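Trainee: Pasting a structure here, questions to come.
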Amino acid sequence: MSSAGEQVKIGRAQALDALRGVAILGMIFSGTIPFKNPLPAWMYHAQVPPPTYQFNPNLAGITWVDLVFPCFLFALGAAIPLALSRRLDKGQSLIKIIWEICKRSFLLFSFAIITEHFRPLVINPEPGPYTWRLALLGYFFLFLMYVQLPKYFSKSLQYLVTFLGWTGGILFLSRLKYIRNFNYPTFSLFRSDIILLVLANLVLFTSLIWLFTSKKPLIRLSLLIPLFPLIISFNEHGWNTEFLRNLPFSWLFSFNYLKYLFITLPGTVVGDWLLQWLKSSPTSPINKWNRLELLILITVLFLLIFTVVYGLYTRQMDWMIVMLGVLGLLGYFLVKSPKSSTEILISRLYGWAIYALVIGLAFEPYQGGIKKDSATFSYYFVTTATSIFMLIIFLIIIDLLKSGSYLAIFIDNGQNPMLAYVSFGNLLWPIIALNNWEAPIAEWTGNNSTLGLLKGLLYTLIVALWTSFCTGLKLFWKT
């Protein structure tokens, strides 16, 4: 029987929350970076560089912006064993767990569709006060629809809030008109947030795959073998292309979304290890690595991430390989003799990350070099590696250096990511517009790209603080 203290520990892996929080805030920040007065090209997606921001599929390389989405996908995959194992430990039947997986997927599917319908620029490409008020009202309904109240409130109140949210939201959607949208002037299932739609599909498929292979990780990973040729041949206009592109419910599912299983399924293996670590005995040996060694390891991990991104972006491949070799060996010597359960976990994660990085770099020349769009196989494995490096950094800071307070705002946002995701476009931005603050802010930033960057950082910080405030009140959006 686990102790009460251990039960609390099993409940959350704060390093994983921090990773998810960094990813979601990175998404928000990348969306607020100025475009009129561009920053250096590495501040944007590698395939959409300034000053034209025209998509160029022939540009190989990645920037920090290209790490954000796969980082969130990796965290999604790693969290699945932690969530579903609790249901298994409670003795829930397979049918009930599958039902819960489907229910969560439905919430994300609905969230993807409804959120997109409430976006101000979707309602009207040239929004005025009326549109901004509609966006705020949409945010209010989203809050009621998806909020999970603190446990000290009665279930009856929770049901009432959810009922009012869905009833009001559906009525609101039924009356919304979309300006200059001739294809879908009213509500349409084909209008959805593509990022959330991909997440919903991956939650469904990754959860089901993990559920049936929870004790067989090798079988789980072997499912990627047949997926590999299917993805390669998807755009070759063969029999499978026609078949896979004409599957029903195209507004809900595309076979192309499953390519990201190359990130989420390896993420579930990391989730398995996190689960074992969280269940490990609290009497594990004391840590062997001292503070200086840990700080050096953090530095090495940051340099590994920087070297990968810089080398692939600038295409200085020879220099990059040499540097990665030196840093990789230094990291190996730092983690090769673990003693405590946390050190053993970090050592395993480091080996897994290096393995993924080697595969990713071996794939790099294939498909014209690493790219986010359309995503290459190098991209899946390289970003899996960088995500694991970040996770290790947060494990060291939170669980070995005991300095988690420095990451509190990321942890809070990681525990409430969907609230953060929509709070700029449907809350902060409408408030700024309705108070006529946009013009003074534009005048203040002027043609100065640095001030434009500071504006984006400020917007992101406000959203992060609002999300952290709601998390502190135990107001979570359940999707």
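The values are calculated or read from the model by the stated rules, or taken from the named source; none is laboratory data. Note that the coordinates shown come from a computational prediction; the quantities given were computed from them, not determined experimentally. Positions of Cβ are backbone-derived with ideal geometry, glycine not excepted, and every protein chain shown enters the neighbour counts.
Trainee: Keeping to the range 298-343, report how many residues are among the aliphatic types (A, V, I, L, M) and over 26 Å from the mean Cα position of the chain (by Cα).
Mentor: Here is the first cut: in the range 298-343, the ones among the aliphatic types (A, V, I, L, M) are 298, 300-301, 303-305, 308-309, 312, 317, 320-324, 326-327, 329-330, 334-335.
Next, only the ones that are over 26 Å from the mean Cα position of the chain (by Cα) stay: 317, 320-323, 326-327, 329-330, 334-335.
Qualifying residue count for the region: 11.
Trainee: Another one. Quick check on this structure: which one of Gly91, Gly21, Gly128 is surrounded by 15 or more Cβ atoms within 10 Å (Cβ to Cβ) and of a type outside the set (A, V, I, L, M, F, W, C)? Break it down stepwise before answering.
Mentor: Numbers: Gly91 fails: surrounded by 15 or more Cβ atoms within 10 Å (Cβ to Cβ); Gly128 fails: surrounded by 15 or more Cβ atoms within 10 Å (Cβ to Cβ).
None of the other options fit; the residue is Gly21.
Trainee: Would you check which residues across the range 243-261 are assigned to a loop (DSSP other than H, G, I, E, B) and in contact with a Leu (Cβ under 7 Å, 6 or more places away or on another chain) and list them? Write out each step before concluding.
Mentor: Going residue by residue through the range 243-261, those that are assigned to a loop (DSSP other than H, G, I, E, B) are 246-254.
Within the range 243-261, Trp251, Phe253 qualify.
Trainee: Does Phe187 qualify as being among the aromatic types (Phe, Trp, Tyr), surrounded by 15 or more Cβ atoms within 10 Å (Cβ to Cβ) and assigned to a helix (DSSP H, G or I)?
Mentor: No, not satisfied.
Trainee: On the basis of being modelled with pLDDT of 95 or more, of a type in the set (A, V, I, L, M, F, W, C), within 22 Å of the chain's Cα centre (by Cα) and closer than 28 Å to Leu88 by Cα, does Ile219 make the cut? Spell out how you get there, then give the answer.
Mentor: Numbers: modelled with pLDDT of 95 or more: yes; of a type in the set (A, V, I, L, M, F, W, C): yes; within 22 Å of the chain's Cα centre (by Cα): no; closer than 28 Å to Leu88 by Cα: yes.
It is false that Ile219 is modelled with pLDDT of 95 or more, of a type in the set (A, V, I, L, M, F, W, C), within 22 Å of the chain's Cα centre (by Cα) and closer than 28 Å to Leu88 by Cα.
Trainee: Follow-up question, since we're still on this one. Do we find that Phe190 is of a type in the set (Phe, Trp, Tyr) and in contact with a helix residue (DSSP H, G or I) (Cβ under 6 Å, 6 or more places away or on another chain) in this structure? Full working, then the answer.
Mentor: Values: of a type in the set (Phe, Trp, Tyr): yes; in contact with a helix residue (DSSP H, G or I) (Cβ under 6 Å, 6 or more places away or on another chain): no.
No; evaluated as a whole, the condition is false for this residue.
Trainee: Quick one: would you say Pro185 is free of Cβ contacts under 8 Å to residues at least 40 places away in the same chain and not basic (Lys, Arg)? Walk me through how you get there before you give the answer.
Mentor: On the way: free of Cβ contacts under 8 Å to residues at least 40 places away in the same chain: yes; not basic (Lys, Arg): yes.
Yes, satisfied.
Trainee: So Leu292 clears everything in (1) under 30 Å from Leu400 (Cα atoms); (2) among the aliphatic types (A, V, I, L, M); (3) surrounded by 19 or more Cβ atoms within 10 Å (Cβ to Cβ) except one condition, right? Which one?
Mentor: Just one mismatch for Leu292, condition (3).
Trainee: If you take the residues in the range 318-354 that are aromatic (Phe, Trp, Tyr) and either in contact (Cβ under 8 Å) with a residue 24 or more places away in the chain or touching a helix residue (DSSP H, G or I) at 6+ places or on another chain (Cβ under 7 Å) (or both), which one is surrounded by the fewest Cβ atoms within 10 Å (Cβ to Cβ)?
Mentor: If we filter the range 318-354 for residues that are aromatic (Phe, Trp, Tyr), which is where we start, we get 319, 332-333, 350, 352.
Filter again for either in contact (Cβ under 8 Å) with a residue 24 or more places away in the chain or touching a helix residue (DSSP H, G or I) at 6+ places or on another chain (Cβ under 7 Å) (or both), leaving 319, 350, 352.
Numbers: Trp319: 12, Tyr350: 24, Trp352: 18.
Top of the filtered list is Trp319.
Trainee: Look at Gly446 and say whether it is surrounded by fewer than 12 Cβ atoms within 10 Å (Cβ to Cβ), at pLDDT 95 or above and more than 26 Å from Tyr130 (Cα to Cα).
Mentor: Numbers: surrounded by fewer than 12 Cβ atoms within 10 Å (Cβ to Cβ): yes; at pLDDT 95 or above: no; more than 26 Å from Tyr130 (Cα to Cα): yes.
Criteria not met by Gly446.
So that you can scan it fast, the table gives a plain yes or no per residue for (1) at pLDDT 80 or above; (2) not in a helix (DSSP H, G or I):
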site: Ser2; (1), (2): no, yes
site: Gln7; (1), (2): no, no
site: Asp17; (1), (2): yes, no
site: Gly21; (1), (2): yes, no
site: Gly26; (1), (2): yes, no
site: Lys36; (1), (2): no, yes
site: His45; (1), (2): yes, yes
site: Pro50; (1), (2): yes, yes
site: Tyr53; (1), (2): yes, yes
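Trainee: Here are some residues: Leu391, Leu465, Leu395. Which one is under 28 Å from Thr131 (Cα atoms) and assigned to a helix (DSSP H, G or I)?
Mentor: Leu465
Trainee: Exactly one of these conditions fails for Gly311: (1) within 24 Å of Gly77 (Cα to Cα); (2) in a helix (DSSP H, G or I). Give me its number.
Mentor: Looking at each condition in turn, Gly311 falls short on (1).
Trainee: Looking at the range 225-242 only, could you name the residues that are assigned to a loop (DSSP other than H, G, I, E, B) and either among the acidic types (Asp, Glu) or touching a Phe, Trp or Tyr at 6+ places or on another chain (Cβ under 6 Å) (or both)? Even if it seems obvious, please write down each step before you answer.
Mentor: Narrowing the range 225-242 to residues assigned to a loop (DSSP other than H, G, I, E, B): 236-238.
Across the range 225-242, the qualifying residue is only Glu236.
Trainee: Could I ask something else about it? Name the residue that is surrounded by the most Cβ atoms within 10 Å (Cβ to Cβ), counting only residues in the range 421-443 that are closer than 30 Å to Leu108 by Cβ and of a type in the set (Gly, Ala, Ser).
Mentor: It comes out as Ser423.
Trainee: So for the range 250-271 (the condition being within 30 Å of Ile113 (Cβ to Cβ) and loosely packed, with under 14 Cβ neighbours inside 10 Å), does at least one residue qualify?
Mentor: First, the residues of the range 250-271 that are within 30 Å of Ile113 (Cβ to Cβ): 250-268, 271.
Filter once more, keeping what is loosely packed, with under 14 Cβ neighbours inside 10 Å: 250.
Yes - at least one qualifying residue is present in the range 250-271.
Trainee: Looking only at the range 137-160, how many residues end up being crowded, with 17+ Cβ neighbours inside 10 Å and either in a strand (DSSP E or B) or small (Gly, Ala, Ser) (or both)?
Mentor: Number of matching residues: 2.
Trainee: Right, next: Which residues, taken from the range 161-184, are at pLDDT 90 or above, surrounded by 13 or more Cβ atoms within 10 Å (Cβ to Cβ) and of a type in the set (S, T, N, Q)?
Mentor: Thr162, Thr167
Trainee: Condition (residue is in a helix (DSSP H, G or I), within 21 Å of the chain's Cα centre (by Cα), among the polar types (S, T, N, Q) and within 21 Å of Ala79 (Cα to Cα)) applied to the range 365-384: is it met by at least one residue? Give the steps one after another, and end with the answer.
Mentor: Just the residues of the range 365-384 that are in a helix (DSSP H, G or I), to begin with: 366-368, 377-384.
Checking the rest, the ones that are also within 21 Å of the chain's Cα centre (by Cα) come to 377-384.
Going one step further and asking which of them are among the polar types (S, T, N, Q), we end up with 378, 383-384.
Cutting the leftovers down to within 21 Å of Ala79 (Cα to Cα) gives us 383-384.
For the range 365-384, residues in a helix (DSSP H, G or I), within 21 Å of the chain's Cα centre (by Cα), among the polar types (S, T, N, Q) and within 21 Å of Ala79 (Cα to Cα): present.
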